[in-house]
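Inspection log for the structure reproduced underneath, given as structure tokens.
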Amino acid sequence: MKIETQETVFIVEPRDYKLTEPLPLECGRVLKDVTIRYETAGTLNADASNAVLVTHALSGDAHVCGRHTPEDPKPGWWDNMIGPGKYVDTNKYFVICSNVIGGCSGTTGPQSIDPDTGKPYNLDFPVITVRDMVRAQKRLVQHLGIKKLLAVLGGSMGGMQVLQWAVSYPEMLKSYIAIATACQFSPQNIAFDWVAREAIKADPNFNNGNYTPDKTPDRGLAAARMLAHITYLSEESLGRKFGRSLQDKQELEKYDYDFDRDFAVESYLQYQGKRFVERFDANSYFYITRSTDYFDLTATTGGDLVKAVNGVQAAGLIVSFSSDWLFPTAQSQRLTNALLKNRKEVTFCEIKSGYGHDAFLLEVETLGRMVRDFISHHAQQEVTND
């Protein structure tokens, strides 16, 4: 593993782990021949006590930091947070990140071949939940020889996975960091997901999920991404970045008086949609958004959040952002209060930011210091306890 300097590039390699047994799912079906695509950075120490699991958000993947080759122009999605000498220092910690089941970046999902038919699953793939994602991650962690994780951290859908880890496998983690997330998906967020999937369905190429590689529902998927991307931003950030600026024009020039893009924000969203369809699968978008719709830590406790988090053993750090209207601070405070009522060790912080939900990727310095200090504190506790 190379250490990043001005002359060298931090290289990581994607790996595949094939589960040795079928994976039972919450929907009642069993997923066979499951492959998990994952990447690691750093070195696992002798007693396997320095492992940090990073969970990704909806459109993320296993490539969390570093580059795949020296010539690779694109680093991992959280490269400014994780790596040698960074806030999650891979000179100290063994970092793991895996693509979730249902994804389209190497882990078994709707694009995969159904072993029973020899054809791609498409929409015959079983519906998955966040709990299913975490169950698969647990098998990967055990495969790597790790009995207890030093920390699990992630934002947005990644934060949902973090919370599910803390509830489902309390004995397997020492600490957790849940960022820009909540204990359940709100009705508003479910509504956004529904409209996004309807946009994909309306694409003539969708064909009930049975599209071909040369004829994919790009327009529908791009529209879904544009809708979602708006929810990741704040009015302040959109105003600051674009305002009512026109695209490729001076402010005093007239509008085109048609329905093509006139404003800079329209061009920006079009660009985001175009880039997204280059790397993501429409069917995976169905499955992953549905998993977030279903996420609810209180589902088995009749809506009682205090009871739902009663079994949590790890110390928690919960972080929200002041302008995040997708996962507002009140949701993080509710979760924190439920943990405190159970006398659990938890720290809550709201970071003042104008970036909206995307702040968990953009407020690197402020969030990074919190993450660094929190993990370091619990790593030191591990040494002291030994």
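Under a plain spin-label model, where a point goes 7 Å from the Cα along Cα-to-Cβ, how far apart in nm are residue 372 and residue 350?
With each label point 7 Å from Cα toward Cβ, the separation is 2.6 nm.
Roughly how far apart, in whole Å, are the Cα centres of region 1-79 and region 316-366?
Answer, in whole Å: 25.
Can you give the Kirkwood hydrodynamic radius for region 325-386, in Å, rounded to one decimal and based on Cα pairs? Kindly include the intermediate steps, with their values, before the conclusion.
Details: mean 1/r = 0.0735 Å⁻¹.
Radius from the Kirkwood sum: 13.6 Å.
Go ahead and estimate [θ] at 222 nm for the chain from helices alone: -39,500 (n - 2.57) per DSSP H run with n ≥ 4, summed, over the residue count, rounded to 500.
Values: 11 runs with 133 residues, N = 386.
That calculation yields -10500 deg cm²/dmol at 222 nm.
Sketch the reach of a paramagnetic label on residue 29 as a point 7 Å from Cα along Cα-to-Cβ, and name the residues of region 188-214 whose backbone nitrogen lies under 15 Å away.
Output list for this probe position: 209-210.
Label-point separation (nm) for residue 380 and residue 44, each offset 7 Å from Cα along Cα-to-Cβ?
The answer from the label model is 2.7 nm.
Hey, what's the Cα Rg ratio for region 16-151 versus the globular rule of thumb, 2.2 N^0.38 Å? All intermediate terms of the calculation are to be shown ahead of the outcome.
On the way: Rg = 15.7 Å, N = 136, 2.2 N^0.38 = 14.2 Å.
That ratio works out to 1.10.
With a probe of 1.4 Å, find how much accessible area region 72-193 has per residue, and write the answer as a whole number in Å².
Values: 3770 Å² over 122 residues.
About 31 Å² of surface per residue is accessible.
Set the Förster distance to 41 Å, then compute FRET efficiency between residue 71 and residue 341 from the Cβ-Cβ distance, nearest 0.05.
0.20
Let me have the relative contact order for the chain, percent, based on Cα pairs under 8 Å that are six or more residues apart. Each step should come with its number before you reach the end.
Values: 748 pairs, mean separation 62.8, N = 386.
It rounds to 16 percent for the chain.
Over all distinct Cα pairs, what is the inverse of the mean 1/r for region 281-386, reported as the Kirkwood hydrodynamic radius in Å? Could the numbers behind the result be given before it?
Working: mean 1/r = 0.0628 Å⁻¹.
Answer for region 281-386: a Kirkwood hydrodynamic radius of 15.9 Å.
Rounded to whole Å and sorted largest first, list the principal axis extents of the Cα atoms in the chain.
Per principal axis, max minus min of the Cα coordinates gives 71, 54, 52 Å.
Cα-Cα pairs above 12 Å in region 124-177: how many percent? Numbers along the way, then the final one.
Values: 911 of 1431 pairs.
Pairs farther apart than 12 Å: 64 percent.
What is the extension gain from residue 215 to residue 8, computed as 0.36 nm multiplied by their sequence separation minus the C-alpha to C-alpha distance, in nm to one decimal?
Values: separation 207, 0.36 × 207 = 74.52 nm, distance 4.05 nm.
So the extension gain works out to 70.5 nm.
Which whole-percent values make up P(r) of region 94-234 when all C-alpha to C-alpha distances are grouped in 10 Å steps starting at zero?
10, 32, 33, 21, 4
Over region 64-104, how many percent of alpha carbon pairs lie in each 5 Å bin up to the one with the longest distance?
Final binned percentages: 6, 22, 24, 24, 16, 6, 1.
Figure the gain on full extension for residue 201 and residue 333 (residue separation times 0.36 nm, minus the Cα-Cα span) and round it to one decimal in nm.
Working it through step by step, the gained length comes to 43.9 nm.
For all pairs of alpha-carbon atoms in region 178-240, what percent lies in each bin of width 5 Å, listed from the first bin to the last filled one?
3, 16, 19, 18, 17, 13, 8, 5, 0
Please give the per residue accessible area of region 250-318, computed with a probe of 1.4 Å over protein heavy atoms only, in Å². Walk me through the numbers on the way to the answer.
Numbers: 3790 Å² over 69 residues.
That works out to 55 Å² for each residue.
Calculate the FRET efficiency for residue 139 and residue 255 from the Cβ-Cβ distance with a Förster distance of 51 Å, rounded to the nearest 0.05.
0.35
By per-residue mean of other Cβ atoms within 10 Å, what is the highest-first order of 157-163, 265-271?
Going from most to least packed, we get 157-163, 265-271.
Using protein chains only and a probe of 1.4 angstrom, how many square angstrom of residue 119 are accessible, to the nearest 10?
The accessible area comes out at roughly 130 Å².
Give the relative contact order (percent, whole number) for region 107-262; include only Cα pairs under 8 Å separated by 6+ residues.
On the way: 140 pairs, mean separation 21.3, N = 156.
The normalised contact order for region 107-262 reaches 14 percent.
Given 254/352; 86/307; 32/147; 254/274, which pairs have Cα atoms separated by over 30 Å? The partial results should precede the final answer.
On the way: 254/352 38 Å; 86/307 37 Å; 32/147 25 Å; 254/274 27 Å.
254/352; 86/307, as the Cα separations exceed 30 Å there.
The values are calculated or read from the model by the stated rules, or taken from the named source; none is laboratory data. These numbers were taken from a predicted model, which means no experiment stands behind them. Note: ideal-geometry Cβ built from the backbone for every residue, glycine included; neighbour counts use all protein chains shown. Ligands, DNA and RNA are excluded from the accessible area calculation, which covers all protein heavy atoms including side chains. Shrake-Rupley method; radii C 1.70, N 1.55, O 1.52, S 1.80 Å.
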